[in-house]
Amino acid sequence: MTISGKFSAIILAAGKGTRMKSDIPKVLHKVAGLEMIFHVINAAQSAGVSSTTIVTSPFQEDLRNNILANAQTEKLTMAIQEDQLGTGDAVKAAMPLSGAPDKVLILFGDTPLMRPEVLKQMVEDSADLTLLGFNTDTPEGYGRIICEDGKPVSIVEHKDADAATRQINLCNGGALAINAALLPDLLNGLENNNAQSEYYLPDIVGLANKQNINIGLVRCQKEDTMGVDTKSGLAKAETLMQNRLRQKHLDNGVSMIAPETIYFSHDTEIGPDSSIEPHCIFGIGVKIGAAVTIKGFSHLEGVLAETGVQIGPYARLRPGTQLGTGAKIGNFVETKKAQIKDYAKVNHLSYIGDAYIGEGANIGAGTITCNYDGYDKHFTNIGAGAFIGSNSSLIAPVNIGEGAYIGSSSSISGEVEADSLALTRAPLRKIDGWAVKFRMKKSKASEAKGD
Ligand code: UD1
């Protein structure tokens, strides 16, 4: 039968995750800057589910609170699995289903590489029960999908499989989609007489086959279903995710001569004709416009950059940095909560924090906004077209008017009027012949000491 209409998701996350050796719940470990469980929640949302139930254990209150506080959707409910008696028992904990869905997607919270396209195929499949499978030469550990006449009829877990079954290389990806009306009865039929004394979710396949329920199979790549159980698994998932993100940006018209050295966040946005030199890192919340150049070894987080901006090399742009069209941020420059308007330049060795820099202003090498007095942060405002001489300290609060000049090496606080010059350095003194006299005096003293 074809099911159209409401899909919901159940995401299992009640496992202890002890092999992560961490106080942080397993599914809150991040891949490309986003917690694994949110990768799964987002993939389900993109596939069109109308509501999601997360299954956790009674001891995971922090996890539940974290998910509820950070989820981008309000259509989330929590279910508690009292004892971890297997994946089939975990799904039972989510009964009765909320929101009266037609079809349910069952997913694992530790599979950050699950793609929405794969889930879409599963919910759109016409079968009443759709499995997810993949072929691999290294099937060790996975449940094997047993087929008769090309149709799946049951799944046997690796630990329960005999030698012949272990030769099968069609593996169970774990996720499945099922006609919601059939789920409760199938779950009630599960038994735990197996190698792990657990109620296995995949056993519903054998039960469904006995009832002549139509069983379908969607094939995916092995990495789509990769479950993360250890820190080395997490590192592997990160590598796979980074490769996907690099490919996405290349496909979108971003140039990278060494993409394998660049690290993106799940939410990084970069416009076409932008160019990223090697060894750049993108933290979360970066949106880069078109034709932007980011030179090597730059680190960006929470940055908005308009068309034609130039950044780096070795720039550190922190959250709240906004760069207008054609603005330039050069080497060894750090910015934070800084609005740097069109064509303004901060080219060398500066710290610009809690600041507004107007259009076309030039900030000389070594300029520092002294924004923090040990208790509070203070604001620096620099008007359009102002020129800040090198090695200046701007002791906030500072307000420098449009077109004003600040003499190099000045310490400026308070107000500087538009188009005026402000400087605080001591006047230049020169003493003719002083160096000659000094050297004579010193060498005589050395001779007297017998040096
Ligand atoms: C599962 C499948 C296996 C498949 C593999 C694909 C079962 C029995 N086996 O094995 O056929 O090849 O996925 O990766 O389903 N969980 C709970 N409560 C529990 C037990 C598990 O919530 O009582 C959650 C875990 O937190 C985890 C997910 O279910 O997120 C999967 O459990 P896990 O034990 O890792 O299953 P696999 O061994 O991967």
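Some values worked out for this structure:
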{"quantity": "Any chance LEU207 is assigned by TED's automatic domain parsing to the domain that holds ILE284, within 16 Å of the ligand (Cβ to nearest atom) and not polar (S, T, N, Q)", "calculated": "no"}
{"quantity": "Output for segment 159-187, where each listed residue is near the ligand (Cβ under 10 Å from one of its atoms) and small (Gly, Ala, Ser)", "calculated": "GLY173, GLY174, ALA175"}
{"quantity": "Members of segment 229-239 found to be within 16 Å of the ligand (Cβ to nearest atom) and either in a loop (DSSP other than H, G, I, E, B) or aliphatic (A, V, I, L, M) (or both), listed by number", "calculated": "ASP229, THR230, LEU234, ALA237"}
{"quantity": "Meets criteria (at pLDDT 95 or above, within 12 Å of the ligand (Cβ to nearest atom) and out of contact with any helix residue (DSSP H, G or I) (no Cβ under 7 Å at 6 or more places or on another chain)) for LEU190", "calculated": "no"}
{"quantity": "Residues that are more than 19 Å from the chain's Cα centre (by Cα), surrounded by 17 or more Cβ atoms within 10 Å (Cβ to Cβ) and either in contact (Cβ under 8 Å) with a residue 60 or more places away in the chain or in a strand (DSSP E or B) (or both), drawn from segment 240-292", "calculated": "MET256"}
{"quantity": "Leading residue by the ranking (nearest to the ligand (Cβ to nearest atom)) among those in segment 118-146 that are in contact (Cβ under 8 Å) with a residue 40 or more places away in the chain and open to solvent by 10 Å² or more (accessible area, probe 1.4 Å)", "calculated": "THR136"}
{"quantity": "Top-ranked residue of segment 1-55 - restricted to ones that are hydroxyl-bearing (Ser, Thr, Tyr) and closer than 22 Å to HIS266 by Cα, ranked as nearest to the ligand (Cβ to nearest atom)", "calculated": "THR52"}
{"quantity": "Out of LEU76, LEU85, sole residue that is more than 14 Å from the ligand (Cβ to nearest atom) and hydrophobic (A, V, I, L, M, F, W, C)", "calculated": "LEU76"}
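Rundown of residues vs (1) open to solvent by less than 50 Å² (accessible area, probe 1.4 Å); (2) small (Gly, Ala, Ser), yes/no style:
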site	(1), (2)
ASP160	no, no
ALA163	no, yes
LEU170	yes, no
ALA181	no, yes
ASP185	no, no
GLU191	no, no
LEU201	yes, no
ALA235	no, yes
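So that you can scan it fast, the table gives a plain yes or no per residue for (1) more than 25 Å from GLU198 (Cα to Cα); (2) crowded, with 20+ Cβ neighbours inside 10 Å; (3) touching a Ser or Thr at 6+ places or on another chain (Cβ under 8 Å); (4) assigned by TED's automatic domain parsing to the domain that holds LEU240:
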{"residue": "GLU61", "(1), (2), (3), (4)": "no, no, no, no"}
{"residue": "LEU68", "(1), (2), (3), (4)": "yes, no, no, no"}
{"residue": "GLN72", "(1), (2), (3), (4)": "yes, no, no, no"}
{"residue": "PRO101", "(1), (2), (3), (4)": "yes, yes, yes, no"}
{"residue": "ILE106", "(1), (2), (3), (4)": "no, yes, no, no"}
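The values are calculated or read from the model by the stated rules, or taken from the named source; none is laboratory data. As the structure is a computational prediction, the values presented were derived from the model and not from experiment. Note that we place each Cβ from the backbone using ideal geometry, even for glycine, and neighbour counts take in every protein chain shown. Accessible surface areas use protein heavy atoms only, side chains included; no ligands, DNA or RNA. Shrake-Rupley method; radii C 1.70, N 1.55, O 1.52, S 1.80 Å.
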